[in-house]
Amino acid sequence: MIDPRKVLFTGGLGLLGREFSKILPDAIYPSHQEFDVCDLQQMRTYLKAKEVSTIFHAAAFTSPPKVDKEPQNAIDANIVGTCNVVKLCMEHGLRLIYVSTDYVFRGDKGNYKEDDSVHPVNKYAWSKLGGECAVRMYDNSVIIRTTFGPNEFPYDKAFVDQWTSREPVSVIASMMLKVLDSDYCGVIHIGGERKTVFQYARRISPGKMIGELHTADVPFSVPRDTSLNVELFAEKFLHKKGSN
């Protein structure tokens, strides 16, 4: 069992970090002001006063339309920031868990496995893939590709022509915990069954009126089908072979 007191979360005040703070309240959740991933020297100083064995790197600039408008911020947060976290882990021999995205795939076929070719279709996904490249340089690491949202669907409309493996953050956090509490290294996909975003929204918010939205209706690139093959996770952590 991992000692949660030695786990440091970047992005601890974000959606995933807040969910994890319910599961692992004794872990370390520094604010952006305390632990800025763009400031390597500040991170080094912060770490001196803590006993850390694992960094769970969830801090990111995650809005695709905002990244299109502010790509330099995504470069800093998602690429440079992740490089800094990797350097810090290398310096101190820490285990690194990096939260990536299903959007690293082109989205033309779905059911993507861990070793399938990556080809992002928007700048946000390119920035997350840039982070993956840095993490791949460090052997004591895990890249988790996933997709999640709030426990209640937050929008009035949802895509009827985009397929996903998205699950509520509470579900994904509990699955990530299994990876955190293991010695697994490498890439792993975490998610649920393939469905449209509209089907997902109706399922998690059954009492809410949710309208239909098409990918052509939005001014940014949206991959059509980034559903993930999660057989490896099922085999490694649920002890089920051939599950998806």
request  = Determine whether the range 1-19 contains at least one residue that is in contact (Cβ under 8 Å) with a residue 60 or more places away in the chain and loosely packed, with under 14 Cβ neighbours inside 10 Å.
outcome  = yes
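Would you say Y184 is surrounded by 15 or more Cβ atoms within 10 Å (Cβ to Cβ) and not in a helix (DSSP H, G or I)? Even if it seems obvious, please write down each step before you answer.
Values: surrounded by 15 or more Cβ atoms within 10 Å (Cβ to Cβ): yes; not in a helix (DSSP H, G or I): yes.
Taking the combined requirement at face value, the residue satisfies it.
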query = Across the range 17-75, what is the total count of residues that are at pLDDT below 95, within 17 Å of the chain's Cα centre (by Cα) and not in a loop (DSSP other than H, G, I, E, B)?
reply = 1
task = Return the pairs, sorted by first residue and then second, in which the second residue is exposed (fewer than 12 other Cβ atoms within 10 Å of the Cβ) and not aliphatic (A, V, I, L, M), the first residue lies in the range 206-217 and is closer than 20 Å to W163 by Cβ, the beta carbons are less than 7 Å apart, and the residues are 6+ apart or on different chains.
result = I210/D156; G211/D156
ask   = With (1) among the hydrophobic types (A, V, I, L, M, F, W, C); (2) touching a strand residue (DSSP E or B) at 6+ places or on another chain (Cβ under 9 Å); (3) surrounded by fewer than 23 Cβ atoms within 10 Å (Cβ to Cβ) as the list, and L96 as the residue in question, which single condition is left unmet?
value = (3)
key: Residue identified as out of contact with any strand residue (DSSP E or B) (no Cβ under 9 Å at 6 or more places or on another chain), closer than 28 Å to S221 by Cβ and free of Cβ contacts under 8 Å to residues at least 40 places away in the same chain among K48, K69   = K69
query = Is it the case that the range 102-122 has a residue that's in a strand (DSSP E or B) and surrounded by fewer than 18 Cβ atoms within 10 Å (Cβ to Cβ)?
reply = yes
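The values are calculated or read from the model by the stated rules, or taken from the named source; none is laboratory data. As the structure is a prediction and not an experimental result, all values here were calculated from the model. We place every Cβ from the backbone using ideal geometry, glycine too, and count neighbours over all the protein chains shown.
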